[in-house]
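*Asks:* Take this structure first; my questions come after.
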Amino acid sequence: MNPTKRKILLIGRSGSGKTSMRSISWEFNFKFMDCGGQDSYLENFFGSQRDRVFRNVEVLIYVFDVTRKDTEKDLNYLESSVFALSEFSPESKIFCLIHKVDLIPEEERENVIESYKEEIMKFLSKFSEILENPLKVTCFGTSIWNETLFLAWSKIVYSLIPKIQLLEEHLHSFCQICDAEEVVLFERSTFLVISASSSKTYQDIHRFEKISKFIKHFKLSCNKAHSPFQSMEIRNRFFTAFVDSFTANSYILVIISDPQIENAAISLNIQVARNHFENLVQKTRGNDDNALVI
Amino acid sequence: MLKPKLLTKTLQQTNTDGINGTMLFNSDGSLIASSGDRDKNRTIAAITANIWQTYQKKSNDPLINSDLNVVMINCKEGKVIIKEVCKMFLCVHSGNDVPTGILKEKLISLAKFLEPSLSKIVI
């Protein structure tokens, strides 16, 4: 593996659920470093291996266990991470996942997450004066049992893609030209949402996760039958949905609700857009060989 | 890229004076856009795409050696006429009462109108 390849660092104390959440993002395009959570390991990371661990980090994901009451230790580790990052990878972004929120009763959940977030932000704000670069921190409440983790990971992927706004603009104009109701870009191996453009508002905000799950399962069964998934079309009286492989590392989903629009026209448009986006992605990538390319 | 709704509206403008349907389809006969009775168009597109290809093969014959320009078919129930535009096919069909010359002129002028835009689509 390329030694300068940038990595995603996953840190958290033992039992905080790091490894179980990895299942969602296995075979990612980045070098993934899952740091063992036992205290003795962690001491090592901040001690003798500090240089090796914290160099070339693009994103640090710190996993908090929401059910744990002794947050002091976690915050201390986070502090060490923040300082190590500012020394070795000053451009990196930090995501704090407040994990296992499913264990909190639903009516209290929101409050608990909020107060947790506040505590983390307050703690980190102390360093903003000492550190040269401003900290880029985002917090999420997550659980492996619902869509929150999917959402958080999608945000993380989103933050990793260079010049994402440009891509989004082009995706939006593609949506308009096609008269599509919704166009969604998925990361190829994980099927996380990279970007979406909709021309109307939907009731179900969790639809992307459901679609992603559904296609992932279908892809798996295709592989079992030794015929790799290429694309699919679903047409009923409400809509037509196209899923097609798009650029080198992405799939596209196009939803059309106007029955007058023919399938072949959409397939043609996807084909034409594919070339356009390939070029665009090459441009956004620039000279940065290590950037996450969709 | 194609604007499907706009394309359909453009095709609709040809449907006057006894013309029943106008459509654009690709070489495998699947519709890209059409105006008129959709199910009928779909069937006609599939059949005519096949007919075109059969004649196209024949036109490669060294004895004939001439590119296929327009195919006109007179049926018991009506007339169909097809032309190739930028690797896609434009087709107009009507009842028997429409003169073939008019049908051909309409098709050619529509093809001329669409060609500059369609030629920009590079696959």
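*Asks:* Identify, among A:Ser197, A:Ala248, A:Ile144, the residue whose Cα sits farthest towards the positive end of the charge dipole of the stretch A:141-294, taking +1 on the Cβ of Lys and Arg and -1 on the Cβ of Asp and Glu, with the dipole about the Cα centre.
*Replies:* Ranked along the dipole, the leading option is A:Ile144.
*Asks:* Go through the stretch A:64-78 residue by residue and turn each phi into a ³J(HN,Hα) via Karplus (6.51, -1.76, 1.60, θ = phi - 60°); whole Hz please, and just put x for glycine and proline.
*Replies:* Rounded to whole hertz, the list is 9, 9, 5, 7, 7, 8, 8, 6, 4, 4, 4, 5, 5, 5, 4.
*Asks:* Using a Cα-Cα cut-off of under 30 Å, which lysines could be cross-linked to B:Lys76, ignoring same-chain neighbours fewer than 8 residues away?
*Replies:* B:Lys9, B:Lys40, B:Lys57, B:Lys58, B:Lys87, B:Lys104, B:Lys106, B:Lys112
*Asks:* Still on this model: Share of antiparallel DSSP beta bridges in the protein assembly as shown, in percent to the nearest 5?
*Replies:* 65
*Asks:* A follow-up question, please. Near A:Lys219, which aspartates and glutamates are there with a Cα under 16 Å away, not counting those fewer than 8 places off in the same chain?
*Replies:* Reachable aspartates and glutamates: A:Glu27, A:Glu187, A:Glu209, A:Glu233, A:Asp244.
*Asks:* What do you reckon, how do A:Tyr202, A:Tyr251 stack up by accessible area (1.4 Å probe), largest on top?
*Replies:* Putting A:Tyr202, A:Tyr251 in descending order of accessible area: A:Tyr202, A:Tyr251.
*Asks:* List the trypsin sites (Lys or Arg not before Pro) within the stretch B:1-105 that DSSP assigns to loop and that have no more than 14 neighbouring Cβ atoms inside 10 Å.
*Replies:* In loop regions of the stretch B:1-105 (DSSP not H, G, I, E or B), the sparsely surrounded trypsin sites (Lys or Arg not before Pro) are B:Lys76, B:Lys87.
*Asks:* Moving on. What trypsin sites (Lys or Arg not before Pro) in the stretch A:59-167 are in a loop by DSSP, with at most 11 other Cβ atoms within 10 Å of the Cβ?
*Replies:* A:Lys69, A:Lys126
*Asks:* Sequence-distant or interchain residues sharing an amide H contact under 5 Å with A:Ser250, placed H: which?
*Replies:* Close amide H contacts, sequence-distant or interchain: A:Arg188.
*Asks:* May I ask for the angle, rounded to the nearest 10°, between helix A:164-177 and the longest principal axis of chain A, with both axes built from Cα atoms and the value confined to 0 to 90°?
*Replies:* 20
*Asks:* ³J(HN,Hα) across the stretch B:96-113 via Karplus (A = 6.51, B = -1.76, C = 1.60, θ = phi - 60°), whole Hz, x for Gly/Pro?
*Replies:* Computed from phi, the couplings for the stretch B:96-113 are 6, 7, 8, x, 4, x, 4, 4, 5, 4, 4, 4, 5, 5, 5, 4, 4, 5 Hz.
*Asks:* Moving on. Could you give me the ³J(HN,Hα) list for the stretch A:250-257, computed from phi with Karplus coefficients 6.51, -1.76, 1.60 and θ = phi - 60°, whole Hz, x at Gly and Pro?
*Replies:* Per-residue couplings from phi come out as 8, 10, 10, 10, 10, 10, 10, 10 Hz.
*Asks:* What lysines could a cross-link reach from A:Lys93, if we take a straight Cα to Cα line under 21 Å and drop same-chain neighbours fewer than 8 places away?
*Replies:* Output for A:Lys93: A:Lys5, A:Lys7, A:Lys18, A:Lys31, A:Lys117, A:Lys122, A:Lys126, A:Lys136, A:Lys155, A:Lys163.
*Asks:* Moving to a separate point now. Relative contact order of chain A: what whole-number percent is it, with Cα pairs under 8 angstrom and at least 6 residues apart?
*Replies:* About 14 percent, as a whole number.
*Asks:* Please identify the GluC sites (Glu not before Pro) of the stretch B:36-123 that satisfy two criteria: DSSP loop assignment and at most 13 other Cβ atoms within 10 Å. Which are they?
*Replies:* Taking the stretch B:36-123 and a limit of 13 other Cβ atoms within 10 Å, the loop GluC sites (Glu not before Pro) found are B:Glu77.
*Asks:* Can you tell me the length gained on complete extension of the stretch B:Lys5 to B:Tyr55, counting 0.36 nm per residue apart and subtracting the Cα distance?
*Replies:* 14.8 nm
*Asks:* Could you please put B:His93, A:His206 in sequence from largest to smallest accessible area, using a 1.4 Å probe?
*Replies:* The most accessible residue leads, giving A:His206, B:His93.
*Asks:* With a 1.4 Å probe and all protein chains in place, put B:Thr54, A:Thr138 in order of accessible area, largest first.
*Replies:* Largest accessible area first, the list is B:Thr54, A:Thr138.
*Asks:* What stretch of chain A, leaving out the sites themselves, is the longest with no GluC sites (Glu not before Pro) in a DSSP loop having at most 16 other Cβ atoms within 10 Å?
*Replies:* Here the longest segment lacking exposed loop sites spans A:133-294.
The values are calculated or read from the model by the stated rules, or taken from the named source; none is laboratory data. If you're wondering where the values come from, they're calculated on a predicted model, not measured in any experiment. As a convention, Cβ positions derive from the backbone with ideal geometry for all residues, glycine included, and neighbour counts pool all protein chains shown. Side chains are part of the model used for accessible areas, which takes the heavy atoms of the whole protein and leaves out ligands, DNA and RNA. Shrake-Rupley method; radii C 1.70, N 1.55, O 1.52, S 1.80 Å.
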